[in-house]
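Beneath this line is the structure, given in structure tokens, with notes to follow.
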Amino acid sequence: MPPSQDREAIGELPNPLGLAGIEFVEYATSRPQALGQLLETLGFRPVARHRSREVLLYRQGAMNIVINAHDAQRPGGIVPAETPVIAAIALRVRDAAAAYRRALDRGAWAVPVQVEVMELHIPAIHGVGASRIYFVDRWDAFSIWDVDFVPIPTVDRHPPAIAGLHWFGLVQYIGTDRMDDWCEFYRELFGFELLPDAQRFGILPRGRILRSPCNSFYLQLIEPEPGSAGVAGEESLQRIGLGTPDVPAAVAGLGARGVHFVESRGLHTGARGALTAPALGGVMFELVHDGRS
């Protein structure tokens, strides 16, 4: 019997890309050693170098952060400058090629990727500002790091996480009156779900929260304050959110390593979260209580 669409409305799959979390976050900077020292105070360790580019991989627990200081031409990308900026996020998906094609079919803009000899081709689309969103389907037994990177000798390739730190999400600054556009972007392309306004996390609860279809991380979209002096059209990935089951324990552990936190009348460390003091021109990390196992 031929299928009949008027009998059952199947609808869109809740996780159309087979999204399975964040594989890495990439910073671009011309001062990789300074950013590397900051990451080390947070518990990250340099574990591998790129075979042909000035790129380092830092890791803590299941989190990978890439520092990219390669000064080659990047069509439409972020050129490394002194102040580190988040240049890309890589998403784990079921099939990278299929995810890339689906995103393009729904209006995403392709990023031309320059691949050298013996390098993997990792498909990417344009994200907010000049950032990129990569699709990665090699992260388990055989990963992208096994091809493009060389391990640093005598270094533990899997350093444990401090106080159970893990990816919680990213904060994205958006332009005025762009909230609906960006919510639709992440919903249509990836299957993100907008959470109710009453559901908030951490100590900086402004904006709207989107939950990934794999339920493993969040995006927080924040518009400019009304009447703020900032440029209303500036859009970027602003900071990383790190989840922990015990914020005070994480703050104590990181404080012993030299990490400073914002403490002011309007913003201070608590059981719900904490914010690291700005460094290197504005790099900050947010700790968020996350009771999920």
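A few points about this structure:
- Test result for D290, crowded, with 20+ Cβ neighbours inside 10 Å and modelled with pLDDT of 95 or more: yes
- The condition of being farther than 21 Å from A96 by Cα and assigned to a helix (DSSP H, G or I) holds for only one of E188, E225, E184, that being E184.
- Lone qualifier among I203, I209, I240 - being touching a Gly at 6+ places or on another chain (Cβ under 6 Å) and within 17 Å of V171 (Cα to Cα): I203
- Any chance A108 is at positive phi, modelled with pLDDT of 95 or more and either over 16 Å from the mean Cα position of the chain (by Cα) or part of a loop (DSSP other than H, G, I, E, B) (or both): no
- Counting only residues that are touching a Phe, Trp or Tyr at 6+ places or on another chain (Cβ under 6 Å) and either of a type outside the set (A, V, I, L, M, F, W, C) or not in a strand (DSSP E or B) (or both), region 213-222 holds 1 of them.
- 1 or more residues over 30 Å from V251 (Cα atoms): qualifying strands (runs of 3 or more DSSP E) within region 113-178: 124-126, 132-136, 149-151
- Boolean, T154 is modelled with pLDDT of 95 or more and either over 18 Å from the mean Cα position of the chain (by Cα) or not assigned by TED's automatic domain parsing to the domain that holds L39 (or both): no
- A single member of R239, R265, R257 is free of Cβ contacts under 8 Å to residues at least 24 places away in the same chain and either basic (K, R) or part of a strand (DSSP E or B) (or both), and it is R265.
- Screening the candidates A81, A141, A163 for the property of being modelled with pLDDT of 95 or more and small (G, A, S) yields one hit, A163.
- Some residue of region 52-68 being modelled with pLDDT of 95 or more, in contact with a Leu (Cβ under 8 Å, 6 or more places away or on another chain) and more than 23 Å from Q172 (Cβ to Cβ): yes
Residue-by-condition table, conditions (1) at pLDDT below 95; (2) over 17 Å from the mean Cα position of the chain (by Cα); (3) assigned by TED's automatic domain parsing to the domain that holds G191; (4) loosely packed, with under 10 Cβ neighbours inside 10 Å:
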residue	(1), (2), (3), (4)
P3	yes, yes, no, yes
D6	yes, yes, no, yes
G11	yes, yes, no, yes
P16	yes, yes, no, no
P32	no, yes, no, no
Q37	no, yes, no, no
T41	no, yes, no, no
F44	no, no, no, no
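The values are calculated or read from the model by the stated rules, or taken from the named source; none is laboratory data. This structure is a prediction, so every number in the text was calculated from the model and none was measured. Methodologically, a virtual Cβ is constructed for each residue, glycine included, from the backbone with ideal geometry; neighbour enumeration extends over all protein chains shown.
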